[in-house]
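J.: To start, I am sharing the structure in question, which I have written as structure tokens.
The values are calculated or read from the model by the stated rules, or taken from the named source; none is laboratory data. Model, not experiment: these values are computed from the prediction. Neighbour counts are summed over all protein chains in view; Cβ atoms, including those assigned to glycine, are modelled from backbone coordinates with ideal geometry. Quick note on the areas: whole protein, heavy atoms, side chains included, nothing else; ligands and nucleic acids left out. Shrake-Rupley method; radii C 1.70, N 1.55, O 1.52, S 1.80 Å.
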Amino acid sequence: MSLYFIAVVLPEELCEKVKAVSKDFAERFGSVKAFNNFPHITLIAPFRLEENLEDKLVQVFAELHLGSTSFKVFLKNFGCFPNKKRPVIFISPENTTELLRLQKEIEDKMKFEPFGKFSPHLTVAYRDLSVENFQKAWKEYERKTFEDSFLAERIGLFKHVNKKWNLLKTIHLNK
């Protein structure tokens, strides 16, 4: 079984800005997982699939005929999921209607079972962020500002290989 997920692919310039934030979490708060990953907004959470079905998955993904068109995503400030065991800090998208619509369309067209509540976010610290370091970091980051925007025009299918996510296929949204 292999692990896959689908996400909005960010433009390179914005990736660099987000990586700078993740680097701060890696250096000062011991959370390197987000820094070692690429910035993205997950649309379909990680799912398992038999390796022999990968070619079919890539084909289905590549042939998606989405009605969703490219749209502007406005990012503003930070948010968190203060989970007791695995807290998360993220950059918040302000306009989530289009992201919700895109996620639902992919879920429907690829016949995914609904995966709970979809909460669009751009993770900057997670998994290896201890509760203690989360509390320190959140005390600082809940007041910090971050503002940017980008045109969401590509989504990607990713596969987990050797402890790293790799891009298998990218498709463009309609203009």
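J.: Condition test on GLY79, is it small (Gly, Ala, Ser), closer than 30 Å to GLU54 by Cβ and modelled with pLDDT of 95 or more?
T.: No, not satisfied.
J.: Please work out which one of (1) under 22 Å from LYS175 (Cα atoms); (2) touching a Phe, Trp or Tyr at 6+ places or on another chain (Cβ under 8 Å); (3) modelled with pLDDT of 95 or more; (4) open to solvent by 20 Å² or more (accessible area, probe 1.4 Å) is the condition GLU94 fails and give its number.
T.: (3)
J.: List the residue pairs whose Cβ atoms are under 8 Å apart, where the first residue sits in the range 41-62 and is surrounded by 13 or more Cβ atoms within 10 Å (Cβ to Cβ), the second is among the charged types (D, E, K, R) and not in a helix (DSSP H, G or I), and the two are 6 or more positions apart or on different chains.
T.: Listed pairs, sorted by first residue: GLU54/LYS159; VAL58/LYS169; PHE61/LYS169.
J.: Then there's this: Spot the failing condition for GLU16; the list is (1) open to solvent by 10 Å² or more (accessible area, probe 1.4 Å); (2) under 18 Å from LEU157 (Cα atoms); (3) in a helix (DSSP H, G or I), and only one is missed.
T.: The failed condition is (2).
J.: I need the full set of residues from the range 30-62 which are more than 17 Å from the chain's Cα centre (by Cα), in a helix (DSSP H, G or I) and not acidic (Asp, Glu), in order please.
T.: Scanning the range 30-62 gives ASN52, LEU53, LYS56, LEU57, VAL58, GLN59, VAL60, PHE61, ALA62.
J.: Now for a different question. Among the residues of the range 74-92, is there at least one that is free of Cβ contacts under 8 Å to residues at least 40 places away in the same chain and hydroxyl-bearing (Ser, Thr, Tyr)?
T.: Yes, there is a match, as at least one residue in the range 74-92 is free of Cβ contacts under 8 Å to residues at least 40 places away in the same chain and hydroxyl-bearing (Ser, Thr, Tyr).
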